[in-house]
Amino acid sequence: MPTTTPTLLAVAYLIVRPLERTDWFSKLVPPIIVSACDCLSPRMQDWTDTFESVTAAREARDRLFQAEPDLRILGMGLPDELASSFPTDPSRHEAVLFARRQPLAPGGQLLGFEPLSVADGAPGCSWLCNALETHCADALGIRPNGAGMLDSLEEARRCCAEIEREEVGAEPGPWLPFAVVDYTDPAPRT
C-alpha cells in the first residue's frame with residue numbers, strides 16, 4: 001500500500017454480498033470477491049442501492065438483514081483530483097453524495113483501488129467482470145492484490161488508461177480508480 005493516500009471523496013456506502021470465485025474467473029481473482037460492482041457483489045436491493053454514511057448502512061444492515069452475517073459494508077471514494085472526471089447526474093444518489101465533496105468516513109480498511117467503468121452517472125462494471133485484470137497483468141505487469149484490487153492509485157490509473165484503449169475492447173468508460181474501504185464491523189452483530 002502507498003504510504004500516503006490522497007484525499008478520497010465519498011461516492012457511496014454500500015451493503016454487499018461477497019461472491020465465491022467460479023471457474024470463469026482467472027486465478028488472479030481472490031477466492032472470495034468483495035467489490036463495489038453490483039455484478040460481482042450484489043447489493044441489497046430490498047432497501048436502497050446506496051447510503052449516505054457508514055452509520056446509515058450499518059443501521060439498515062442490522063435492521064433488515066440480520067440473517068445474513070456475511071454482508072459487508074463498503075465505502076467508495078474517488079481521489080479529490082479526479083472529481084471533475086466523475087459525471088454528475090442529480091438523479092443519481094452517488095452524484096448527490098459526491099457533489100458534497102466530503103471525505104470518506106474515517107476508519108475501515110482500504111482494500112485498494114478498483115478500476116470501474118462509469119455509466120449513467122454511476123459506477124458500473126469492475127475490471128474483474130471482463131477479465132481485464134489478466135489483460136493488465138500481461139500488458140503492464142500490474143497484478144491485483146489479495147482483494148482483487150490495486151494497491152496504489154498510480155497502478156489503478158495506469159490500468160484505467162490501458163482499459164480505455166479502444167483495442168482492448170472493454171465496456172465504454174470512462175474508467176476510474178475507485179478506492180474501496182471495508183467498514184464491516186469486526187465484532188459479531190446481535
Whole-Å distance linking the alpha carbon centroid of the range 100-123 with that of the range 139-165 is 15 Å
State, to one decimal in nm, how far the label point of residue 119 lies from the label point of residue 66, with both points 7 Å from Cα in the Cβ direction. 3.8 nm
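We did not get these values from a lab; they are worked out from the coordinates using the rules stated. Predicted, not measured: the structure shown is a model, and the values here were computed from it. Using ideal geometry, Cβ is built from the backbone for each residue, glycine included, and neighbour counts are taken over all protein chains shown.
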